[in-house]
Amino acid sequence: MEWPLLAGVPPEDVRQLLSIARRRTFSRNEVVVHRGDPADSMHLIASGRFAVRITTSRGDTALIAVRGPGDSFGELALVSADGKRVATVSALEPGETWSVYRDDFVRLRRDHPGVDAVLVHLLAEEVRRLSERLTEAYYEDADTRICRRLVELAGPAEGGSATIPLTQEALAEMAGTSRATVNRVLREEAKRGTVELGRGKTVVREREELARRARI
């Protein structure tokens, strides 16, 4: 398995990191970590998609991201001792991760300081994502944000059609808009033939056309 996030990291440093990683498998809807749990490990995703949910100030649960193969989550656990998980992560479908525990990582970096580059790379990617979302929230309309989330969730363009196993409510949470707006946009896209609607899921048929309208 290759992680695009680590494309610029020396192969030997990546190998050293993976040498201490532990393979874990998850079934659909299984929780990987709960909000408030001790943050003691980072996960590199080998297969499947994972939902990242937070609790709002009103006590509601909101889906803020979906991570898939080649992505990671929990990076701060490797640098923040005695930290707590700030989000709950669960599997949207059967999946597999390689988990790197903080204590193992601390021991590894003593002998191989180069693995720090791996962590810096992952943290930099997360900062980039957050910056992009903040810019979107201020300057892009809801229709564009919805199309962008659909494109991201569909994955690589060469993958053909892709099924997104999320409800319209969940898509609305990710795009920062209402379910009614998501429903309208999806129906418009279905008429264009770019998506096909199903119960609790959306099938993306024309990813490139969606990406064009989302200005990606």
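The values are calculated or read from the model by the stated rules, or taken from the named source; none is laboratory data. Bear in mind the structure is a predicted one, so any value in this text is a computation, not a measurement. Reconstructed Cβ throughout: ideal geometry from the backbone, glycine too, with neighbour counts over all protein chains shown.
In this structure, is V14 buried (at least 19 other Cβ atoms within 10 Å of the Cβ), in the same structural domain as H121 (by TED's automatic domain parsing), among the β-branched types (V, I, T) and within 16 Å of the chain's Cα centre (by Cα)?
The answer is no for V14.
Which of the residues spanning the stretch 174-193 are closer than 26 Å to T135 by Cα and either part of a strand (DSSP E or B) or not hydrophobic (A, V, I, L, M, F, W, C) (or both)?
Correct list: G176, T177, S178, R179, T181, N183, R184, E188, E189.
Residues are listed down the side, and each one gets a yes or a no for (1) at pLDDT 90 or above; (2) buried (at least 20 other Cβ atoms within 10 Å of the Cβ); (3) within 30 Å of E209 (Cβ to Cβ):
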residue: D60; (1), (2), (3): no, no, no
residue: V79; (1), (2), (3): no, no, no
residue: G83; (1), (2), (3): no, no, no
residue: E96; (1), (2), (3): yes, no, no
residue: D103; (1), (2), (3): yes, no, no
residue: G114; (1), (2), (3): no, no, no
residue: L122; (1), (2), (3): no, yes, no
residue: E132; (1), (2), (3): yes, no, yes
residue: R148; (1), (2), (3): yes, yes, yes
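Looking at (1) over 13 Å from A21 (Cα atoms); (2) out of contact with any Lys or Arg (no Cβ under 9 Å at 6 or more places or on another chain), which one does V86 not meet, given that it meets all the others?
Exception for V86: condition (2).
Tell me which residues, restricted to the stretch 161-188, are crowded, with 16+ Cβ neighbours inside 10 Å and among the acidic types (D, E).
E173
Hey, does the stretch 163-173 have a residue that's under 15 Å from L92 (Cα atoms), of a type in the set (G, A, S), touching a residue at least 40 places away in the same chain (Cβ under 8 Å) and not in a strand (DSSP E or B)?
Yes.
Where residues in the stretch 1-11 are exposed (fewer than 12 other Cβ atoms within 10 Å of the Cβ) and touching a residue at least 12 places away in the same chain (Cβ under 8 Å), which of them is nearest to G95 (Cα to Cα)?
The qualifying residue nearest to G95 (Cα to Cα) is M1.
A117 passes all but one of (1) under 24 Å from L17 (Cβ atoms); (2) of a type in the set (G, A, S); (3) not assigned by TED's automatic domain parsing to the domain that holds P10; which number fails?
The one condition A117 does not meet is (3).
Select from the stretch 189-216 the residues that are of a type in the set (D, E) and either within 19 Å of A170 (Cβ to Cβ) or under 22 Å from the mean Cα position of the chain (by Cα) (or both) and write down the one among them that is surrounded by the fewest Cβ atoms within 10 Å (Cβ to Cβ).
Checked the stretch 189-216; the qualifying residue surrounded by the fewest Cβ atoms within 10 Å (Cβ to Cβ) is E208.
Would you check if A46 is crowded, with 16+ Cβ neighbours inside 10 Å, without any contact (Cβ under 8 Å) to a residue 60 or more places away in the chain and assigned to a helix (DSSP H, G or I)?
The answer is no for A46.
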